[in-house]
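What follows is a set of notes on a single structure, which appears directly below.
The values are calculated or read from the model by the stated rules, or taken from the named source; none is laboratory data. All values derive from a computational prediction rather than experimental measurement. Counting neighbours? That spans all protein chains shown, and the Cβs are built from the backbone with ideal geometry, glycine included.
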Amino acid sequence: MAEARSFDEIDVGLEVPGPRVEVTRAMIREFAEASFDHNPLHWDDKFLEETEFAGGKKFDDVIVHGLMTYSLMTRAMTDWLLPRDGDLWGEHRRLETRFRKPIYPGDAVEVRGRVVDKRETRKGKWVVCEIMVTNQKDQVVATGEAMAEILR
């Protein structure tokens, strides 16, 4: 579990722990229902077999929603900034994301982050974090840059 920190206690290089998630078809289906995103990429095997995407791209199976991957990255930041003991010490403000490879049912993805910069302005104290999602083959499937405002 993350512990509350002040701005001065955060060093560049500090690791931001994230979740490890085993992806299932049921999880993908539930996310589609919750997000109202019923794109056949996420549920229709026949559509995937019959469809060739730009550049001749074919997918091996249904794929995870990009927004689901984004939500896991956001979870890493919010879990870090608001530990389970409820001691809020920072607020997640921004996340820019790049999706590098598809995530399939059966993949085990892990989110990790690292503080890469600290900035203090007239309006607040900020940290910038590099966020990375890898699969069980240690392939990078998504990257991002997050910013958080530190409240202490």
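Annotations
- From the options F47, F59, residue that is without any contact (Cβ under 8 Å) to a residue 12 or more places away in the chain and out of contact with any strand residue (DSSP E or B) (no Cβ under 7 Å at 6 or more places or on another chain): F47
- Odd one out for R100, checked against (1) in contact (Cβ under 8 Å) with a residue 40 or more places away in the chain; (2) surrounded by fewer than 16 Cβ atoms within 10 Å (Cβ to Cβ); (3) out of contact with any Ser or Thr (no Cβ under 8 Å at 6 or more places or on another chain); (4) not hydrophobic (A, V, I, L, M, F, W, C): (3)
- Residue selected from region 40-96 under the condition of a type in the set (S, T, N, Q) and closer than 30 Å to V115 by Cα, by the criterion modelled with the lowest pLDDT: T78
- Put simply, of T97, T143 the only residue that is under 27 Å from A32 (Cα atoms) and touching a helix residue (DSSP H, G or I) at 6+ places or on another chain (Cβ under 8 Å) is T97.
- Filter result (over 24 Å from W80 (Cα atoms), surrounded by fewer than 14 Cβ atoms within 10 Å (Cβ to Cβ) and of a type in the set (A, V, I, L, M)) within region 1-44: A26, A34
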